[in-house]
C-alpha cells in the first residue's frame, strides 16, 4: 500500500471473530501467534513463532537469528516444499523485521520527546515531534533503505570517485538458475523461483568467489564498490566497479604476456 493512499498507516494484524461475538480479537503482527495462525501449512503443529512477548523454555534469539535458524536449517525441508508460499513467508517476515525496526525508532523518538518536554522546550516543537504519523519524519542513516542511508552511501561513492577519479572496470554478475547447486535442490516440477533461500545462498557464494578473484587478479586497488539488486524476473545480480593502480596493472599485464609467450 502506497503511503499517499492513506493518511493513517498502521501495522497489519490478524482479526479473529468467533460466532456469536460482536467484537473481534486482534492479533498484532509482532505476536508469537501470528505465524502459526497465518501460515498453517508451514506450522501445522501450531509451533509459536518469533514475538516480543517472552515465553519460558524458549531460547532468546533476535528476530533475524530466529528466522535464520528455520530458513537455513539443513534438516528442515518445509520451506523448499511449498514453493511460492515460502516466498510469501520470506517477504512477510522481512516486513515484520522492518516493522520491528520502525517500532524501535518510534519508541526512541517518543523517549526523546519526553525528555524535551521535561526540559521545558517550546510547546509547538513538542506537538510536532509527538505526531508519529507525520510524513516529514526522518529515518536515521542506520535504517537500511532510508533516504539518509541512501544519501550517505551515494556521498561515499561520489567522494571516492572525486578523489581517485573514474573507475577502471565495470563488472556485472548475474544469477544463473541453471547452476548445479540450485538444480540439485529442486523438487519435481519446481523452478528456481520456488526456492528463494537457495537462490540467495548460492548467489552469495558465487559472488564471494568473484570478489576474491577481482581482489587478487589486478594487484592493489584504490577502491571497489558493489551494489546488489534484483532484476524484474526476480533474480539477484551485482554491479561492481573497480579502480586499479595503472602502473601496477601495466606491470602485471606485461608480466602475464611475457609468461604466456614463454609457455607458448
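For (1) surrounded by 15 or more Cβ atoms within 10 Å (Cβ to Cβ); (2) in contact with a helix residue (DSSP H, G or I) (Cβ under 8 Å, 6 or more places away or on another chain); (3) within 30 Å of residue 184 (Cβ to Cβ), each residue gets a yes or a no:
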{"site": "30", "(1), (2), (3)": "yes, yes, no"}
{"site": "33", "(1), (2), (3)": "yes, no, no"}
{"site": "40", "(1), (2), (3)": "no, no, yes"}
{"site": "43", "(1), (2), (3)": "yes, yes, yes"}
{"site": "68", "(1), (2), (3)": "no, no, yes"}
{"site": "71", "(1), (2), (3)": "yes, yes, yes"}
{"site": "79", "(1), (2), (3)": "yes, yes, yes"}
{"site": "87", "(1), (2), (3)": "yes, yes, yes"}
{"site": "107", "(1), (2), (3)": "no, no, no"}
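Take the conditions in contact (Cβ under 8 Å) with a residue 24 or more places away in the chain and either assigned by TED's automatic domain parsing to the domain that holds residue 33 or out of contact with any helix residue (DSSP H, G or I) (no Cβ under 8 Å at 6 or more places or on another chain) (or both) and apply them to residue 92. Does it pass? It is true that residue 92 is in contact (Cβ under 8 Å) with a residue 24 or more places away in the chain and either assigned by TED's automatic domain parsing to the domain that holds residue 33 or out of contact with any helix residue (DSSP H, G or I) (no Cβ under 8 Å at 6 or more places or on another chain) (or both). When you look at residue 197, is it within 17 Å of the chain's Cα centre (by Cα), modelled with pLDDT under 90 and closer than 27 Å to residue 90 by Cα, yes or no? The answer is yes for residue 197.
Scanning the range 154-175 for residues that are outside any strand (DSSP E or B), surrounded by 13 or more Cβ atoms within 10 Å (Cβ to Cβ) and within 21 Å of the chain's Cα centre (by Cα) yields 157, 175. On inspection, residue 72 qualifies as at pLDDT 70 or above and assigned by TED's automatic domain parsing to the domain that holds residue 28.
Cβ-Cβ contacts under 6 Å between residues 6 or more apart (or on different chains), taken from a first residue in the range 44-58 that is in the same structural domain as residue 93 (by TED's automatic domain parsing) to a second residue that is at pLDDT below 70 and part of a loop (DSSP other than H, G, I, E, B), are absent.
Residue-wise test of (1) in a strand (DSSP E or B); (2) in contact with a helix residue (DSSP H, G or I) (Cβ under 8 Å, 6 or more places away or on another chain); (3) in the same structural domain as residue 71 (by TED's automatic domain parsing).
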{"residue": "188", "(1), (2), (3)": "no, no, no"}
{"residue": "201", "(1), (2), (3)": "no, no, no"}
{"residue": "209", "(1), (2), (3)": "no, no, no"}
{"residue": "216", "(1), (2), (3)": "no, no, no"}
{"residue": "234", "(1), (2), (3)": "no, yes, no"}
{"residue": "239", "(1), (2), (3)": "yes, no, no"}
{"residue": "242", "(1), (2), (3)": "yes, yes, no"}
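The residue list 162, 183 contains one member that is without any contact (Cβ under 8 Å) to a residue 12 or more places away in the chain and farther than 28 Å from residue 80 by Cα, which is 162.
The values are calculated or read from the model by the stated rules, or taken from the named source; none is laboratory data. No experiment lies behind these values; they were computed from the predicted model shown. Positions of Cβ are generated from backbone atoms using ideal geometry, with glycine treated the same way; all protein chains shown enter the neighbour counts.
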